[in-house]
1. Report whether or not Ser44 is surrounded by fewer than 16 Cβ atoms within 10 Å (Cβ to Cβ), closer than 16 Å to Glu4 by Cβ and touching a residue at least 24 places away in the same chain (Cβ under 8 Å).
2. Which numbered condition trips up Asp52, out of (1) free of Cβ contacts under 8 Å to residues at least 12 places away in the same chain; (2) of a type in the set (Asp, Glu); (3) assigned to a loop (DSSP other than H, G, I, E, B)?
3. Could you tell me which of the residues Met10, Met39 is assigned to a helix (DSSP H, G or I) and of a type in the set (A, V, I, L, M)?
4. Looking only at the range 17-30, how many residues end up being surrounded by fewer than 16 Cβ atoms within 10 Å (Cβ to Cβ) and free of Cβ contacts under 8 Å to residues at least 40 places away in the same chain?
5. Tell me which residues, restricted to the range 56-67, are surrounded by 11 or more Cβ atoms within 10 Å (Cβ to Cβ) and outside any helix (DSSP H, G or I).
6. Taking the conditions exactly as written (within 15 Å of Asp6 (Cα to Cα), modelled with pLDDT under 95 and surrounded by 13 or more Cβ atoms within 10 Å (Cβ to Cβ)), does Met53 satisfy them or not?
Amino acid sequence: MFTEMDVDHMRGFGIDLSDRASVEAHADAIYQTVSTGVMPPARSGEAPWTKDMCDGFKAWREQGCPP
């Protein structure tokens, strides 16, 4: 779900998107930024998350972040 660019960028903010435990710990903040279109930023050249992507992440989070 996360691109290499996402992973590299967010490490600078102390979030390791390549690590499930880190994603789980920051799931609320991640969801807020992707569902509102704040991330990925337009200048990154990456497309914003679709509604389906946001809904899938939200469902994963609401189910307790299962593996």
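1. yes
2. Only one criterion in (1) free of Cβ contacts under 8 Å to residues at least 12 places away in the same chain; (2) of a type in the set (Asp, Glu); (3) assigned to a loop (DSSP other than H, G, I, E, B) is unmet by Asp52, namely (3).
3. Met10
4. Of the residues in the range 17-30, 6 are surrounded by fewer than 16 Cβ atoms within 10 Å (Cβ to Cβ) and free of Cβ contacts under 8 Å to residues at least 40 places away in the same chain.
5. Hit for the range 56-67 is Cys65, nothing else.
6. no
The values are calculated or read from the model by the stated rules, or taken from the named source; none is laboratory data. What you are looking at is a predicted structure, and each value in this text was computed from that prediction instead of being measured. Every residue, glycine among them, receives a Cβ derived from its backbone with ideal geometry; neighbour counts consider all protein chains shown.
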